[in-house]
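What follows draws every value from the coordinates through simple rules; no lab data is involved. Just so it is clear, the structure is predicted and the values come from calculations on it, not from any experiment. Cβ atoms come from the backbone with ideal geometry, glycine included; neighbour counts cover every protein chain shown.
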Amino acid sequence: MHNFLDYFIIADADILVRIVSAIILGSIIGFEREITNKSAGLRTQIMVCLGSCIFTILSIYGFSTAVTLYPLGDPSRVAAQIITGIGFIGAGTVLRQGLTVTGLTTASTLWIVAAIGMACGCGKINIAVVSTILAFCILVLIRTLELKIMPHNAKHQRKIKISFLCKYDNYNDVYKKIMELFPEIIDFNHKTIDEDGDKLKINIKIISNEKSPVMQIYKRLEDMNNLEAVSVKEIFD
């Protein structure tokens, strides 16, 4: 039993290094996705990287006997199918709402993490490490560049409709507060919604460059006490 364990450790030491490298490098990309609250976070990125690594190792070493028996076979086809499989997973992270498409960056990280896992599986740890560093820098630095230099990029602009219900007597206070909170208003109107004219419905439209505009708008309105109801929705036109 002891000799068997020694053989296992010596024979598979290099493979274990590859597997551990895939886990570590996949977690680096996954950490960035996790702190930015993306759908494919830490665990997903690690599992994709580890799975790609294991499939690649099996492609190289798992079919050595088959190659001897069937010299025309190509065991590397197993690794090639990783690309197809990642395509299906990546498609599940892409969401479309009207003209707005989200999740493309997350899908691309799954693609690069699969490539990093395959590099680890092939024993090309140096390539995997460099690729991980480059991918992490691209995700972090380019996002910072977009936020600081291109905050009003038209690609991220969204039109939001916000509706308020309030009492007629509170209209002036509500109006002033709305103007303070939403300087980006592009349309404003109001109307009474009952026969006595005691209640008003106020509708405004704004242009937002935020990635989660609905949640951000609700946060802005937390301190408004004169509202009876609020509705926020994105307009697709």
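With the crude spin-label approximation of a point 7 Å out along Cα→Cβ, what separation in nm comes out for L145 versus I83?
Reported label-point gap for L145 and I83 is 2.7 nm.
Taking each pair of distinct Cα atoms in the range 162-237 once, what is the resulting Kirkwood hydrodynamic radius in Å? Provide the component values of the computation, followed by the final result.
Working: mean 1/r = 0.0772 Å⁻¹.
Roughly 13.0 Å, rounded to one decimal.
What list do you get for C166, C120, C49 if you sort them by fewest beta carbons within 10 Å? Could you put the intermediate results ahead of the total?
On the way: C166 22, C120 31, C49 34.
In increasing order of surrounding Cβ atoms, one gets C166, C120, C49.
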